[in-house]
1. For VAL33, what residues show an amide H to amide H distance below 5 Å, using hydrogens built from the backbone and excluding near sequence neighbours?
2. Please work out the C-alpha center-to-center distance from segment 159-212 to segment 1-50 and express it in whole Å.
3. What residue among VAL30, VAL156, VAL80 has the largest mean-square fluctuation in a Gaussian network model of the chain, using Cα springs under 10 Å?
4. Report ³J(HN,Hα) in whole Hz for each residue of segment 46-52, in order, from the Karplus equation J = 6.51 cos²θ - 1.76 cosθ + 1.60 where θ = phi - 60°; Gly and Pro get x.
5. Could you derive backbone 3J(HN,Hα) for segment 113-123 from the dihedral phi with the Karplus parameters 6.51, -1.76 and 1.60 (θ = phi - 60°), listing whole Hz in sequence and x where the residue is Gly or Pro?
6. Relative to the first principal axis of the alpha-carbon coordinates of the chain, what is the inclination of helix 196-205, with its axis defined by its Cα atoms, in degrees from 0 to 90 and to the nearest 10?
7. Which longest run of the chain has no exposed loop site in it, a site being trypsin sites (Lys or Arg not before Pro) in a DSSP loop with at most 11 other beta carbons within 10 Å, and the site itself not part of the run?
8. In segment 5-138, how does Rg compare with the Kirkwood Rh, expressed as the Rg/Rh ratio over alpha carbon atoms?
Amino acid sequence: MGKPRAVLADDHTLVLEAFKRLLEPEVEIVATVADGLALIATATQLKPDLIILDLGMPRLNGMNAGPELKRCLPKCKLIVLTMSEDYDLAAEAMRRWASAYLLKKSASSELLGAIRKVLAGESYVTPCVAQHLLDDFIRDPRSERVKHLTPRQREVLQLLAEGRTMKEAAALLQVTARTVAFHKYKIMEEFGIQTNSELVRFAIREHLVAQL
């Protein structure tokens, strides 16, 4: 049996080259791409066994590309490799489409171990993120729990309700604008909010901003 076939997706060429050299003894790298739209086009054509992708890609970010890849290639294993330690993003990715979630600061041996696990049908989350997700579950393990804002969602909601743009909020929180957008639309989806004015009213009800 040949090596598992993999596609790598990251918008930093040096990162791609480094991971390609690291992984080539373990898997066959059939393509590397630098944005989410190219990833979907390439992956659907080549049908790899494994995709390793960053979340912060241009044109289509990893959080939006992931579900589409899972829909088109249900047998393909998707591994997130990112700078983001945002636990909400990790939980959402693992719940919907990812088989593993690792940080770029993880050791190379951890990535290789995660690849072996997901190809064997298991899942993997890097320890610091996994512990946080476990702590949240222990605090409230019910599958149908009362919806509440996460700390990051509260930060994003407050800044947006104060009139900050997503770019300004991202700079203050030291995250990408895409991450702020993810949290904004996740809040709107979970709490049935349709407009920005409703979002402001919701922030007032949550006592995040004062009523004008």
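1. Sorted by chain and number, the residues that satisfy this are LEU8, ALA9, ASP10.
2. 35
3. With Cα springs under 10 Å in the chain, the top fluctuation among VAL30, VAL156, VAL80 is at VAL30.
4. Calculated HN-Hα couplings, in order: 8, 6, x, 7, 8, 10, 10 Hz.
5. x, 5, 4, 4, 5, 5, 5, 8, x, 9, 10
6. The two axes meet at around 70 degrees.
7. In the chain, the maximal stretch lacking such sites is 1-74.
8. 0.93
Readers should treat all values here as calculations from the given coordinates under stated rules, not as data from a laboratory. This one's a predicted model, so the numbers in the text were calculated from it and none came from an experiment. Glycine also receives a Cβ, built like all others from the backbone with ideal geometry; neighbour counts cover every protein chain displayed.
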